[in-house]
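What follows is a set of notes on a single structure, which appears directly below.
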Amino acid sequence: MSSYYLDHLQYLETESIHIMREVAAEFERPALLFSGGKDSICLLRLAEKAFRPSEIPMPFLNIDTGHHFEELNDFRDRRAKELKGKLIVRTVDEAIEKGIAVLPPGQISRNHLQIPTLLAAIEEFRFDCCIGGARRDEEKARAKERFFSFRDSFGQWDPKNQRPEIWNLYNARINQGENMRVFPLSNWTEMDVWEYIRREKLEVPKIYFSHVRKSVRRGGQWLPVSDILPPKPNEEVKDLIVRVRTIGDIISTGLVESPADNVDDIIAEIAVARVTERGSRADDKASEAAMEDRKKAGYF
Amino acid sequence: MAVPLHHPVDLLRFNTCGSVDDGKSTLIGRLLYDSKSLMEDQIEALERSADITGGGQINLANLTDGLRAEREQGITIDVAYRYFATPRRKFIIADTPGHVQYTRNMVTGASSANLSIVLVDARLGVIEQSRRHTYLASLLRIPHLVVAVNKMDLVGWSEERFIEIRAQFEEFLPRLDMKDVKFIPVSALNGDNVVDPSPHTPWYQGPTLLGHLETVHIGSDWNLNNFRLPVQWVNRPNNPENHDLHDFRGFSGQIAGGIVRKGDPIMVLPSGFTSNVKEILTIDGPRDEAFSPQSVTLVLEHDIDVSRGDMIVAREDLPGASTDLHARICWMHPKPLQAGRKYFLKHSTQTVQAVVTTIEHRINISTFDLEPGAPELAMNDMGEIRIRTAKPVVFDGYAVNRLTGSFILIEQGTNATVAAGMLYPPTEPAKPEYKDFAI
C-alpha cells in the first residue's frame with residue numbers, strides 16, 4: 001500500500017504534467033511564457049519531463065518591459081539555449097515605438113504595457129495558447145482562475161463567465177482569434193515551488209539569493225537603485241544584504257533583507273515568513289482589485 | 001548533506017458547502033487564521049477593509065471573496081481555491097458559494113475533492129440545502145463527509161441540539177451512498193473546535209475540524225484495481241541524429257486507474273489490438289511499475305496503431321466500450337438541455353460528437369426522487385439521460401472510477417462547457433472492434 005503513494009509534490013507534478021500534455025495535444029500553436037523567474041523555471045522543468053525523450057514541442061515567449069533585472073534576462077537567454085528551445089522576446093520599447101502600447105503621461109511603471117505587447121505577440125505568431133506560471137495562492141483574483149483560462153478575441157478574462165472545470169477534463173476548444181491561457185502551477189504554493197526547485201536541483205537566477213545591493217527606502221519598502229530608479233535628493237542610499245522574493249520590474253520589486261544564500265535557507269525563511277510573496281510588489285498594492293483589473297484587460 | 005526540513009506530506013483536497021449565511025467563508029477564514037496560515041499583509045488588508053465595511057469588526061469572509069463585486073455584494077460568485085499547510089498535511093480548499101448557482105459550482109469544486117464539509121446553522125438544523133449538498137456529495141462519490149454544525153454559541157452550546165441535528169441527518173443518510181460521515185460542533189466566528197478544542201463543549205470527545213482534516217485516511221481514495229491509461233499524447237521524437245530516438249514511439253498519459261508492470265499483457269481499446277508493456281517511463285525515469293495517478297509514457301512490444309483518445313487497459317478486466325451511454329448529469333448552462341441536441345462529449349482524452357437521445361428523469365435533489373417526463377433540464381438541474389456518440393467511448397462506471405466514468409458536454413459553436421456527466425456501469429465488457437470486422 002505505502003509504495004503506491006504520492007507525496008504532495010509528486011501529486012502536483014503529475015497534475016501539471018497532465019495539463020502540459022493536454023496543451024500539446026489540443027492546440028496547434030502553443031507557446032510557453034518563460035521569464036527566467038522561479039515559477040517559469042519550474043514550468044520549464046515540467047515541460048522537459050512531460051515530453052521527453054522528445055524536445056519541448058513549443059517555443060518560449062517573454063515580454064520584456066525594458067525594466068527587467070539584467071540578471072534575469074541573462075539567465076533566461078542561457079537556459080533557453082541550453083534546452084535548444086526557440087526563445088521569442090518582444091519588448092515594450094518596440095511596442096511603444098510602433099504605437100501598440102502608449103505610456104500614460106507621468107507614469108513610469110511599464111507593467112500595464114505588457115498587456116498590449118503580449119496581445120500583439122499572440123497575434124503576430126498566431127499563438128492559440130500561452131502556458132504561464134501564475135499560481136492561485138499569489139493573489140485573490142488569481143484564486144478564481146481556471147487551469148484553462150479562456151480569453152475572448154480581445155484577450156479579455158471574464159471572471160463571472162468562466163468554464164467550469166470538473167475532474168481532470170479540460171475544455172480546450174476555442175474559435176479562430178480566441179485564445180487560451182493555461183496555468184499548470186495553479187495549485188502550487190510559493191513553498192511548493194521552492195521545494196520543487198530543491199528536489200529537482202534547479203538553477204535559479206542569483207538575485208533570489210542574498211547579495212549586497214544599493215537600495216533606497218520608498219513607499220515602505222526597499223527598492224534597488226538603478227539608472228531607471230535613481231535616488232531622489234533627500235533619499236539615503238544604503239548597501240544592504242538583500243534578496244528578491246518575487247521578481248517584477250526593477251522599479252517595483254521590493255527587496256527583502258535576508259541572509260539566505262541557498263535554497264534550504266530560503267525554504268526555512270518562507271516557512272516562518274509573516275508577509276506574502278506579493279507583499280513586496282508595488283503593482284499589486286495600487287488597489288484591492290489591481291490584479292483583477294489587469295487580468296480582465298488581458299494580463300498574464 | 002542537507003537535511004529535509006519537512007517530512008513527506010500528502011495532500012487533502014476538500015470543499016465547503018453551505019447556504020448563504022451559514023458562515024462558510026468565516027469558517028475558512030478561521031481555519032487559515034488559527035492555523036497561522038495568514039500573513040501580516042493579509043491581516044492588515046482585512047483590518048483595512050474592516051474599518052470601511054465591517055463597522056470595525058474584522059470580516060474573515062473578505063479573505064476568500066477576491067473579486068470586487070463579491071466584496072461589494074457580500075457574496076461569493078465563483079469557486080475560489082485556497083491553500084494552507086500544517087506540518088502533517090497540505091490542503092487545497094475549493095470554496096463554493098451557496099446561492100443560486102450552487103449546484104454547478106459545487107460540482108465543479110467537489111469533483112476532485114477527497115472530502116466535503118457541509119455546514120449547518122445550529123439554530124436552523126437540517127434545511128433543504130443541507131439535504132441537497134449531502135446528496136450532491138454522495139452523487140459525486142466524495143469519499144469523506146464532515147457535517148460542521150456551526151453557530152453552536154447561538155444555541156447555548158447545547159449537546160441536545162447537536163444530537164437532534166445529527167439524528168435529522170441520520171434519517172436520510174441511509175438512502176445515500178456515504179460511508180464516512182463525521183459530525184463536529186463548531187463556532188466558526190469564535191473558533192471553537194475549528195483548530196483548538198472548545199472549552200464550551202466538554203460533552204464532545206471527537207477531534208477538532210482541523211484535527212480531523214489532518215488525520216482522515218485518504219490513501220485508499222485512488223483506484224488501484226483495474227489498469228487504465230487514456231492515451232493523451234503520442235511521443236515520437238523523430239530525431240534524425242539519434243537512431244534510438246528516431247524509432248522511439250511511446251504513449252503518454254496519466255494513469256486513470258490501477259497499476260501497470262513491465263511485461264504486462266495489455267489491450268488497446270476500442271480497436272482491441274493486444275501487446276505487452278516493454279518499458280515504463282515515469283517522469284523520473286524508467287521503472288518496473290507505475291500506478292494511478294502517475295503520469296507516464298509506455299512503450300509497447302509491438303508496433304500497433306495507437307492514438308490520442310484510445311485507452312490502454314489490462315487484458316483481464318475490460319471496461320465497457322459503447323456508442324450508447326447512460327448517465328447522470330448536472331446541467332450547467334443558462335440555455336436548457338433538450339433531447340435531440342448535438343454536443344461534443346469529452347471523456348478522458350477523447351472528444352466525440354454526441355446527441356442526447358432521451359431525458360429519462362429529472363432528479364429532485366431535495367427529495368432524491370426521480371421525476372419522469374421532464375422536457376428539459378435547466379441550469380443546476382440534475383438528471384438521467386441517454387446519449388449516442390459518433391464513435392465508441394471506452395469507459396467504466398463512475399462508482400468504480402471517477403476518471404474513466406466521467407465526461408463533460410461542450411456546446412458546439414460557443415464551446416461553453418454545459419454539463420458534467422457520471423456514467424452508469426457498462427452492461428457488458430468491451431468487444432474488440434477488429435473481431436467484428438473479421439466476421
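Just so it is clear, none of the values below were taken in a lab; they were calculated from the coordinates. The structure displayed is predicted, hence computed values, not measured ones. Here the Cβ is made from the backbone with ideal geometry for all residues, glycine too, and neighbour counts use every protein chain on show.
Tabulated data
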item	result
For region B:345-353, 3J(HN,Hα) per residue [Karplus equation, 6.51 cos²θ - 1.76 cosθ + 1.60, θ = phi - 60°, Hz, x = Gly/Pro]	10, 9, 10, 6, 10, 10, 10, 10, 6
Pair B:THR86, B:GLU164: separation of 7 Å Cα→Cβ label points (nm)	3.1 nm
Value of [θ]222 nm, deg cm²/dmol, for chain B, DSSP H segments ≥ 4, -39500 (n - 2.57) each, nearest 500	-5500 deg cm²/dmol
From phi via Karplus (6.51, -1.76, 1.60), per-residue ³J(HN,Hα) for region B:408-417 in Hz, x at Gly/Pro	10, 10, 10, 6, 6, x, 7, 6, 6, 7
Chain B: projected area of the alpha-carbon convex hull, averaged over directions, in nm²	26.8 nm²
B:ASN239 long-range amide H proximity, modeled H, under 5 Å	B:HIS246
Compactness relative to 2.2 N^0.38 Å, alpha carbon Rg of region A:144-248	1.59
Point-to-point label distance, B:ARG386-A:ASN262, nm (Cα→Cβ direction, 7 Å offset)	6.8 nm
R0 of 35 Å, Cβ-Cβ distance A:ALA273-A:LYS81: FRET efficiency to nearest 0.05	0.55
Note, ³J(HN,Hα) from phi for region B:293-310, Karplus 6.51, -1.76, 1.60, rounded to Hz, x at Gly and Pro	x, 5, 8, 9, 10, 9, 10, 9, 6, 10, 8, 10, 7, 9, 9, 3, x, 6
Positive minus negative residues near B:GLU241 (Lys, Arg vs Asp, Glu; Cβ under 14 Å)	-2
Dimensionless Rg ratio for chain A, taking C-alpha atoms and the 2.2 N^0.38 Å reference	0.99
Residues of type lysines that B:LYS335 reaches as a straight line, Cα spacing below 21 Å, ignoring anything fewer than 8 places off in the same chain	A:LYS160, B:LYS346
Cross-link pairs beyond the 21 Å C-alpha cut-off, checked among A:LYS49/A:LYS86; A:LYS49/A:LYS201; A:LYS144/A:LYS206; B:LYS90/B:LYS151	A:LYS144/A:LYS206; B:LYS90/B:LYS151
Most positive-pole-ward Cα, A:LEU12, B:PHE251, B:LEU224, against dipole of the protein assembly as shown from beta carbon charges	B:PHE251
Those residues of region B:111-140 whose amide nitrogen sits under 19 Å from the label point placed on B:ASP153, 7 Å along Cα→Cβ	B:119-125
Cut-off under 5 Å, modelled amide H: who pairs with A:ILE131 long-range	A:ALA31, A:LEU32, A:LEU33, A:VAL182
Length gained when the stretch B:LYS278-B:LYS431 is fully extended (0.36 nm per residue, less Cα-Cα span)	52.6 nm
Choice from A:TYR208, A:TYR11, A:TYR196 with maximal GNM fluctuation in chain A (Cα, 10 Å cutoff)	A:TYR11
Amide hydrogen neighbours beyond the local backbone of B:ASP192, cut-off 5 Å, H modeled	B:SER187
Per-residue mean of C-beta atoms belonging to partner chains within 10 Å, peptide A:43-52	3
Chain B: DSSP helices with Cα axial extent of at least 20 Å and average Kyte-Doolittle hydropathy no lower than 1.6	none
Sites B:ARG236 and A:VAL102, calculated FRET efficiency, Cβ-Cβ separation with R0 56 Å, nearest 0.05	0.75
Hydrodynamic radius by Kirkwood, which averages 1/r over all alpha carbon pairs of the protein assembly as shown, in angstrom	27.2 Å
